[in-house]
Every structure is written in structure tokens, then in C-alpha cells.
Amino acid sequence: MLIEQPLLEHDLQGTAKLRRMIDIPIMLDESIRSIYDVLTAVKFEACDMASVKTMKTRGLLKIKEITKMCQVLGTPCHMGTSWESEVGWAANLHLIAGLSGIKLWDAYSPTEIYWGYNESIATPIRSYLKNGIRMVQVPEGPGLGITINFDILNKYLVSKPLHLKQKD
């Protein structure tokens, strides 16, 4: 379907050269962290698609900005995951559903991949097969549509949360 980040993240000239030599679309991942990165990659003609991830781009708002820039430039976006818990993945799914510029995304649950079914810190987000295609449903309900399992969460806390007293 495509080749993801075939060369080092800063080698846009080499990636552009490779792109001209092959008929397989190239998606840049590690190379895309900001609007500037997208503009540079498109200027070099180094990609057919840009991949955004919450941890790499520093937040959901940045993903929205990058996705909008990609739309203006005519470059589709992919959204992937980077070790988010169910809380992060639920936020990602809501963002994916709300941004028309994201054309491809990872369709697996952190519960299934990282934590195991018995160690979910929130309502598990499970994937399923439909006509041979892996699907994930955006959680519904208040907030992100998930419920935190505080027993499991507390089991993995490195330190206790800091509770600040309010001033009178």
C-alpha cells in the first residue's frame, strides 16, 4: 500500500529521489512534527502522505494544525499511536472522527497491543473485523466516552498524585 519513512528523517532530498524512482507511495512519519516539516516535505516532493502522532507532534491541537496544512497542500494524513493508554487512544479516535484530513489511521487498540485485556486503565477500546477490515468504534458517552479503572491505574502509578489545597 505504501512505504513508511524509508530513509532517515532529515534526508528529504534522498526520500524525494527514491519517490521519483518507485511507484509505491511514501508516507513520512518521523520527518513530520510540525507545519514547517510538512511544508518542507511537500516543497522537496518527498512524500505522498504525512503521518501525525500525538506524542511526536506535541498534542492534539498541533495534529489539527498539521492536518489542516496538509489539506491546503493536498497531502493526505495518517494518524497513528505511540503507546497511549485507552485515555489517549479515545482522544485520538475522537480527533480522527472530527478531522476530514485524516485519510488513514491505525486501527488497533492499546488494550490489545500494549497492556493486555486484564490490565486496561479504562474502558477497553477493542477492534473487530468487518468484511476483512479491522474496525474500531469511537467511544460514545460523556467526556471521551470511557471510564477510568482507578484500581488498575493506581497499581501502575509511580508516585501518588499531588493534591493542592485551595487558598481561602
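Some notes on this structure:
- Cα-centre dipole for the chain with unit charges at Cβ (Lys and Arg positive, Asp and Glu negative), debye to 20: 360
- Per-peptide packing, taken as the mean over residues of other Cβ atoms within 10 Å, places 67-80, 148-161 in the sequence 67-80, 148-161 from highest down.
- The chain: radius of gyration over Cα atoms, expressed as a fraction of 2.2 N^0.38 Å: 1.20
- GNM flexibility winner over the chain from LEU93, LEU144, LEU129 (Cα, springs under 10 Å): LEU129
- P(r) histogram, all alpha-carbon pairs of the range 1-79 included - 10 Å bins from 0, percent: 21, 56, 21, 1
- Under a Gaussian network description of the chain, with springs only between Cα atoms under 10 Å, the residue in GLU30, GLU84, GLU140 that fluctuates furthest is GLU140.
- Pairs beyond 19 Å (Cα-Cα), from LYS64/LYS103; LYS53/LYS103; LYS43/LYS68; LYS17/LYS43: none
- Percentage relative contact order, the chain, counting C-alpha pairs under 8 Å, at least six apart: 14
- Helical mean residue ellipticity (222 nm; -39500 (n - 2.57) per DSSP H run of 4+; nearest 500) of the chain: -10000 deg cm²/dmol
- Projected label points at LEU157 and THR40, each 7 Å from Cα along the beta carbon direction, are separated by 4.1 nanometres.
- Highest mobility in the GNM of the chain, judged by mean-square fluctuation with C-alpha springs under 10 Å and restricted to LYS130, LYS62, LYS53, is found for LYS130.
- Lys/Arg +1, Asp/Glu -1 at C-beta; the range 51-91 dipole; positive extreme among GLY74, TRP89, LEU61: GLY74
A short reminder: the numbers here are calculations on the coordinates, not readings from a lab. Here the structure is a predicted model, which means the values were calculated and not measured. Every residue, glycine as well, gets a Cβ built from its backbone with ideal geometry; the counts of neighbours run over all protein chains shown.
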